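Since the structure comes first, as structure tokens, the remarks are kept for the end.
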Amino acid sequence: MELAIEIKQLNFSYGKQTILENVNAGFGTRRFSVLLGTNGSGKSTLFKSITGILSGYKGVVEVKGCPIDQLTYKQKARQIGFLPQFYQTVFPFTVEDMLLTGRAAFSGFAPTEKDRVMVAEVLAELGLEGLRKKRFPQLSGGEQQMVMIGRLLMQHPEIIILDEPTNHLDVYYQHFLMNKLKAFVADGRTVIAIMHNPTLAYQFADDFFFMLNKTVVPAANAAVPELDMLKAVYNTNFLHIPHDDLPIVLPVGDRYC
Ligand SMILES: Nc1ncnc2c1ncn2[C@@H]1O[C@H](COP(=O)(O)OP(=O)(O)OP(=O)(O)O)[C@@H](O)[C@H]1O
């Protein structure tokens, strides 16, 4: 399988605390990959390393075969769009301004007419037209999350990397977003996401990876939810309830074990 992102022998520590140890993993091009793992297991640290936000790791991260540290700022922006888990704005930007910052790598601080047309298109694509003139810091958590996803789309990257994209979203928008991500992949893009909801992950994604013991373990079989692996990762029992083609994967604690 052609790889969009390949991680080779990645190690990372915060001071004396080792977070990532000998991570080797490949995320396929035009695939929707999901990384599952417990709180504090190193998922965000991994994503920050592979998007170049964190430096100081040992090992190699390649984007379509090219070491990420050899890409220019613009090349990186064209290849990779990253939705972080947390973001804050100091300035009371409008939603339109926030979206335009997604073009910064291409248009600098002088947005073009084309960029403004893109704003309208992205807002329409996400059903957020009503927010255009609103101040970003005054939006609800879910609205902010959708705007940040819009900002990613403004960048039009080939590889979309998201840290808990369904954070703050209501159930409608969770499904809306997962459908969009699936559609991006059908359109030729690559999506790699950290998720905390196994049911959503198994209903929409193609490939599965688990953060376990400071490293990334690929699913042995992506076709069915691996309950043993989920138990090893989360230290709790899971139930798989197939409903037609839809997997429903529930944590059930000590029940049904
Ligand atoms: N800037 C930092 N400095 C020191 N330690 C950090 C820093 N950021 C994260 N850590 C620690 O590194 C570990 C991994 O954190 P990370 O954010 O990668 O976990 P995660 O798997 O993404 O968790 P969650 O699911 O809760 O978001 C945690 O123990 C965390 O406390």
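The values are calculated or read from the model by the stated rules, or taken from the named source; none is laboratory data. Given the structure is predicted, the values throughout are model-derived calculations rather than measurements. So basically every Cβ, Gly included, is an ideal-geometry build from the backbone, and we count neighbours across all protein chains shown.
Out of Arg151, Arg116, Arg132, report the one residue that is within 29 Å of Gln75 (Cα to Cα), among the basic types (Lys, Arg), surrounded by 21 or more Cβ atoms within 10 Å (Cβ to Cβ) and in contact (Cβ under 8 Å) with a residue 12 or more places away in the chain.
Exactly one of Arg151, Arg116, Arg132 is within 29 Å of Gln75 (Cα to Cα), among the basic types (Lys, Arg), surrounded by 21 or more Cβ atoms within 10 Å (Cβ to Cβ) and in contact (Cβ under 8 Å) with a residue 12 or more places away in the chain, namely Arg151.
Just checking, does the range 159-174 include any residue being in a helix (DSSP H, G or I), β-branched (Val, Ile, Thr), modelled with pLDDT of 95 or more and touching a strand residue (DSSP E or B) at 6+ places or on another chain (Cβ under 6 Å)?
no
Return the pairs, sorted by first residue and then second, in which the second residue is near the ligand (Cβ under 6 Å from one of its atoms) and not hydrophobic (A, V, I, L, M, F, W, C), the first residue lies in the range 33-49 and is in contact (Cβ under 8 Å) with a residue 40 or more places away in the chain and in a loop (DSSP other than H, G, I, E, B), the beta carbons are less than 9 Å apart, and the residues are 6+ apart or on different chains.
The qualifying pairs are Gly37/Lys43.
Val224 fails exactly one of the following numbered conditions: (1) assigned to a loop (DSSP other than H, G, I, E, B); (2) out of contact with any helix residue (DSSP H, G or I) (no Cβ under 8 Å at 6 or more places or on another chain); (3) surrounded by 18 or more Cβ atoms within 10 Å (Cβ to Cβ). What is the number of that condition?
(3)
Where in the range 59-117 are there helices (runs of 4 or more DSSP H), lying wholly inside it, with at least 2 residues that are modelled with pLDDT of 90 or more and more than 26 Å from Leu46 (Cα to Cα)? Give the derivation first.
Working: elements: 73-79, 95-101, 104-107.
In the range 59-117, the matching helices (runs of 4 or more DSSP H) lie at 95-101.
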